[in-house]
Each structure stands twice: as structure tokens, then as C-alpha cells.
């Protein structure tokens with residue numbers, strides 16, 4: 001069932017576990033839970049990724065980083081998934097994680113002033129795993145195709161335990177406290 005109203009930034013930030021500095025989705029034009037979503041990201045020249053670009057640099061220096069394009073698309077897909085499943089509600093002991101992507105085609109670039117339109121659809125949901133596919137558009141230009149992006153929800157304790165094993169001098173407690181304070185999954 002398609003939701004009648006679009007989602008604004010306030011509603012998005014209440015659902016996604018990303019902090020303000022890393023939330024890369026500004027608005028949702030439409031969402032059909034369990035099926036598809038159209039998310040919007042406005043690129044501005046004041047974003048952190050452009051801080052080191054010198055004034056007067058050629059336009060290609062302002063190409064929006066592919067990693068941020070994919071993160072923004074991933075957040076759009078995550079929002080669709082979270083709005084589609086009751087079992088993934090506000091559980092602070094679980095964390096949403098990106099697993100991987102395949103069949104990616106980067107076909108162009110986006111620049112400050114462009115409005116990104118993420119068209120994502122759920123391909124498959126299995127328990128705590130989702131497969132999302134779609135396209136990224138900058139205005140009227142398709143700039144990327146995502147064949148499949150995979151995300152999972154896992155217990156926070158397992159993620160922190162594994163992280164602390166790779167950092168032998170840190171117990172992982174501060175990381176766990178930080179993740180618990182900002183986690184919304």
C-alpha cells in the first residue's frame with residue numbers, strides 16, 4: 001500500500017540510525033512499503049567532501065564522490081526496508097549494516113546544485129537481510145545502476161565483540177556505548 005504523504009527530513013532522521021553528519025537523504029517523494037521508494041538528496045557545495053577543493057578548481061574536482069552516491073542510495077533502501085518490516089523497529093541492541101553491492105554501473109557524475117533521485121526497489125527480504133536494486137538520477141541523467149545492494153541487521157554485541165578483537169588495546173566498551181546511544185534499530 002503506497003503511503004499518501006512524502007517523508008520529510010525530520011521523519012527520515014527519526015527512522016535511520018545515521019547521525020546528522022552522515023544522513024544523506026533529504027526527502028522521500030513516495031514509498032510503497034515492501035516494494036519501492038523514491039528518495040531525494042540535494043548536493044550542495046558546502047558539504048564536507050568539498051572542503052579541500054580550492055576556489056576556482058575545475059568542475060571535475062566537484063564530482064560528488066561515488067562512495068557517497070552509494071551511501072545515499074543505501075540509506076534510501078534502508079528506509080524502505082525499515083518502513084516495510086515491523087520486526088526491525090526501535091531495538092537499540094541491533095545495528096543495521098551494509099554488506100555489499102554487485103552489478104554496479106557508474107554512468108555519470110553529479111555536482112553541487114544537482115538533485116539526486118534514488119529509485120530503489122526491494123528484490124528480496126529474508127529474515128534480517130534485504131536485497132535492494134535501483135537507479136540514481138541527477139536531474140534527467142541516469143548516473144548509476146545498482147544491480148543489488150545487500151544489508152543486514154545484527155546484534156550490536158556481536159559487532160562490538162568482533163571490533164574489539166581487532167583492536168587489542170580497546171575493550172570495545174566506548175564503541176558499544178557510542179553505538180547504543182545513536183542506534184535506532
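The values are calculated or read from the model by the stated rules, or taken from the named source; none is laboratory data. Model, not experiment: these values are computed from the prediction. Cβ coordinates were reconstructed from backbone atoms using ideal geometry, including for glycine residues, and neighbour counts include every protein chain displayed.
Output the residues belonging to segment 63-90 that are surrounded by 12 or more Cβ atoms within 10 Å (Cβ to Cβ), modelled with pLDDT under 95 and not in a helix (DSSP H, G or I). Of everything in segment 63-90, those that are surrounded by 12 or more Cβ atoms within 10 Å (Cβ to Cβ), modelled with pLDDT under 95 and not in a helix (DSSP H, G or I) turn out to be 85, 90. Can you find, within segment 14-25, the residue that is nearest to the chain's Cα centre (by Cα) among those that are within 22 Å of residue 48 (Cβ to Cβ) and surrounded by fewer than 16 Cβ atoms within 10 Å (Cβ to Cβ)? Looking at the filtered set, the residue picked out is 22.
Residues that are outside any strand (DSSP E or B), over 15 Å from residue 137 (Cβ atoms) and touching a helix residue (DSSP H, G or I) at 6+ places or on another chain (Cβ under 7 Å) do not occur anywhere in segment 37-44. Of 60, 8, all but one fail to be farther than 25 Å from residue 148 by Cα, touching a strand residue (DSSP E or B) at 6+ places or on another chain (Cβ under 9 Å) and surrounded by fewer than 19 Cβ atoms within 10 Å (Cβ to Cβ); the exception is 8.
Provide a single number: the residues in segment 102-130 that are within 15 Å of residue 143 (Cβ to Cβ) and assigned to a strand (DSSP E or B). Result for segment 102-130: 9.
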